[in-house]
Amino acid sequence: MSQKKSVSSSKAPRKTTASGRTQMIHGKPATHAWEFSRHLVPPITAATTFRLDSLERGAQGFLSFGADDTVEPILIYDRLDEPNTMMLEESLALMHNTDVAVSFASGMGAISSAILSVAKAGHKVLAHRTLYGCTYSLLNDWLPRFGIENTFIDVNSAEHRQLLEDPKVRILYFETVTNPILELADLPKIMSDVRKANKKRKADDQILVIVDNTFATPWGLRPADYGVDMVVESLTKNISGFGTEMGGAVMTSKKFCKALKLARKDFGAILNPRGAWQILVHGIPTLAVRYGQQQATAMKVAKFLEKHPKVERVIYPGLQSHPQAALAKKMLRTPEGDFAPGTMISFALKGDMRKCQKFVDHVAKNAYSVTLAVSLGVVKTLIEVPGFMTHSAIPSEKQSSSGIDAKAIRLSLGLEGADDIIADLAAGLAKV
Ligand SMILES: Cc1ncc(COP(=O)(O)O)c(C=O)c1O
């Protein structure tokens, strides 16, 4: 690695007009992160610290840290910047049409750093009522200790969005496709109201919109195209895809890059280079293929469940019965323009919680292709009950106002044959 000259992955920087699918395999045509003109894939880097050839350059490295991701960085120490994570960040920014991406140790590392990089005591976060359990506890249990308040609203309600007029509100936070109930945030309407509210505010007082796009992934939705300020994603899920890595990232414009990297440096939630390498080399290049296949299976399974007499309701953005089916068709699109309703299903059985428990326990003990486990978006099909597992940080008395039905079951479809998954679910349903 030479830190003296500008480096690139090929002799001359190439420009690309290639499709999103192809860009996910080849990444950015030229990178400042590493000179690997002989490698087909970037090597794994494993040095925590970097050789510097003068004190002046060392000092310059600290001074220029985080300033502008497109300028050749002076590498100093892994917790600041590191070649594998930088290359991953370039690919993520490319997929999201943003200036930069900043990686983190996990999705929660990305969410907490995104909020903490911009929020101050006295600010309020206006957040959608349905959130991943740990995001809810971050907003509700931790941030108020530092004077950062919250109000939970229905972000799709124009009436609730009037709270954007509250001068304390500085962040609007929501999931583009909510975990666990697969509700869509109406980005065109929400962003139009945010722009109206921001017109009345001073430049340093603007409301920033931070969205979690984990369920949709950049293959299904690119929220920065709608004007949101920061897109956060857990890389642990579909993007990494194999259930072997944890990671998170914030995709955003240059103006937020420095604050995010400083937050990462000082809070320390860095993505380890080996994890970044796996996601860069295995996860991203296979995302389009995995997502396409998993969502085709999700559609078949959703249709099977919808017709089953023991099933009370099925929520899947690809079904006509989804309450926001038209919005889903508009917003959930691959970079190639195809409908991308996703790889997640929520469903509930007729009857009470005991039925739900009996079914899930039967699947856990007997199914071959469906596993009772948290997490999602990986090559194996996973089932869980959010009200008692991933979303249990939300107190049970608050779950219904958060849109969570205790007996709802979440299914994350993997790459197994759809008929095998359906057979396992059918066997469980036969027992209740
Ligand atoms: C929608 C959503 N956002 C964020 C996270 C947190 O990601 P991580 O587990 O990588 O911290 C999760 C985890 O399940 C999630 O489902």
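When the helices in the chain are scored as -39500 (n - 2.57) per DSSP H run of 4 or longer and the sum is shared across all residues, what 222 nm value do you end up with, to the nearest 500 deg cm²/dmol? All intermediate terms of the calculation are to be shown ahead of the outcome.
Details: 14 runs with 144 residues, N = 432.
After summing the helix terms and dividing by the residues of the chain, the value is -10000 deg cm²/dmol.
Ordering Trp142, Trp277 from the fewest to the most neighbouring beta carbons within 10 Å gives Trp142, Trp277. Where the only charges are on Cβ atoms (+1 Lys, Arg; -1 Asp, Glu), what is the dipole of the chain about its Cα centre, to the nearest 20 debye? Rounded to the nearest 20 debye, it is 360 debye. A simple charge model with +1 on the Cβ of Lys and Arg, -1 on the Cβ of Asp and Glu and nothing else charged puts the dipole of region 46-193 at about 520 debye relative to its Cα centre.
Using the C-alpha gyration tensor of the chain, what are the square roots of 5 times its eigenvalues, in whole angstrom, with the largest one first? Could the numbers behind the result be given before it?
Numbers: eigenvalues 271, 142, 72 Å².
Three semi-axes, in Å: 37, 27, 19.
Gyration tensor over the Cα atoms of region 73-223: the corresponding equivalent ellipsoid has semi-axes (square roots of 5 times the eigenvalues, largest first) of 26, 18, 16 Å. Note on the chain: dipole from Cβ charges, positive end direction compared against Leu88, Val363, Ile394; the farthest Cα belongs to Leu88. Over all other residues within a Cβ to Cβ distance under 14 Å of Glu233, the charged ones net out to -2, with Lys and Arg as +1 and Asp and Glu as -1. Computed log10 I(q)/I(0) for region 140-212 at 0.19, 0.21 Å⁻¹: -0.84, -1.00, from the Debye equation with unit scatterers placed on every C-alpha and solvent omitted. By the count of neighbouring beta-carbon atoms within 10 Å, fewest first, Tyr173, Tyr368 end up ordered Tyr368, Tyr173. Were the residues from Ala46 through Arg201 laid out at 0.36 nm apart, the gain over their Cα-Cα distance would be 51.1 nm. Positive end of the dipole of region 12-123 (Cβ unit charges, origin at the Cα centre): among Ile44, Phe65, Gln23, the Cα lying farthest that way belongs to Gln23. In a DSSP loop and with at most 15 other Cβ atoms within 10 Å, the GluC sites (Glu not before Pro) in region 149-202 are Glu159.
At q = 0.13 Å⁻¹ the log10 of I(q)/I(0) for region 267-350 amounts to -0.56, computed by Debye summation with a single uniform scatterer per C-alpha, solvent ignored. In a reduced charge model with +1 at each Lys and Arg Cβ and -1 at each Asp and Glu Cβ, region 258-346 shows a dipole moment near 180 debye about its Cα centre. Remark: relative contact order (region 144-288) = 17 percent; criterion is Cα-Cα distance under 8 angstrom and separation of 6 or more residues.
Given a 10 angstrom Cα cut-off, can you work out which residue in Gly247, Gly414, Gly351 is the most mobile in a GNM of the chain? Answer for the Gaussian network model of the chain: Gly351.
Go ahead and collect, in residue order, the members of region 362-384 whose backbone nitrogen is under 13 Å from a label point 7 Å along the Cα-Cβ direction of Ala423. Residues 367-370 fall inside that zone.
Please work out, to two decimal places, the log10 of the ratio I(q)/I(0) at q = 0.14 Å⁻¹ from a Debye calculation in which every Cα of region 286-430 carries one identical scatterer. Relative scattering, expressed as log10 I(q)/I(0), comes to -0.65.
At most 11 other Cβ atoms within 10 Å and a DSSP loop assignment: could you name the trypsin sites (Lys or Arg not before Pro) in region 43-83 that fit?
Working: sites: Arg51, Arg57, Arg79; in loops: Arg51, Arg79.
Those that pass, being in a loop and sparsely packed, are Arg51.
Here the mean projected area of the convex hull built on the C-alpha positions of region 30-131 is 9.3 nm².
Each Lys or Arg adds one and each Asp or Glu subtracts one; over the other residues with Cβ under 15 Å from the Cβ of Met108, this totals -3.
Give the residue list of trypsin sites (Lys or Arg not before Pro) in region 343-422 that are DSSP loop and have at most 14 other beta-carbon atoms within 10 angstrom.
Details: sites: Lys350, Arg354, Lys355, Lys358, Lys365, Lys380, Lys398, Lys407, Arg410; in loops: Lys350, Lys380, Lys407.
Of the trypsin sites (Lys or Arg not before Pro), the ones in loops of region 343-422 whose Cβ has at most 14 other Cβ atoms within 10 Å are Lys350.
Counting neighbouring beta carbons within 10 Å and listing from fewest to most, the residues Phe215, Phe347, Phe62 come out as Phe62, Phe347, Phe215.
All Cα-Cα distances of region 186-343, cut into 10 Å bins from zero to the largest, leave 10, 30, 32, 21, 7, 1 percent in each bin in turn.
Couplings 3J(HN,Hα) for region 139-144, derived from phi with the Karplus relation 6.51 cos²θ - 1.76 cosθ + 1.60 (θ = phi - 60°), are 5, 8, 9, 9, 4, x Hz, where x marks Gly and Pro.
We did not get these values from a lab; they are worked out from the coordinates using the rules stated. The structure presented is a predicted model; accordingly, all values stated were derived computationally and were not measured. Note: ideal-geometry Cβ built from the backbone for every residue, glycine included; neighbour counts use all protein chains shown.
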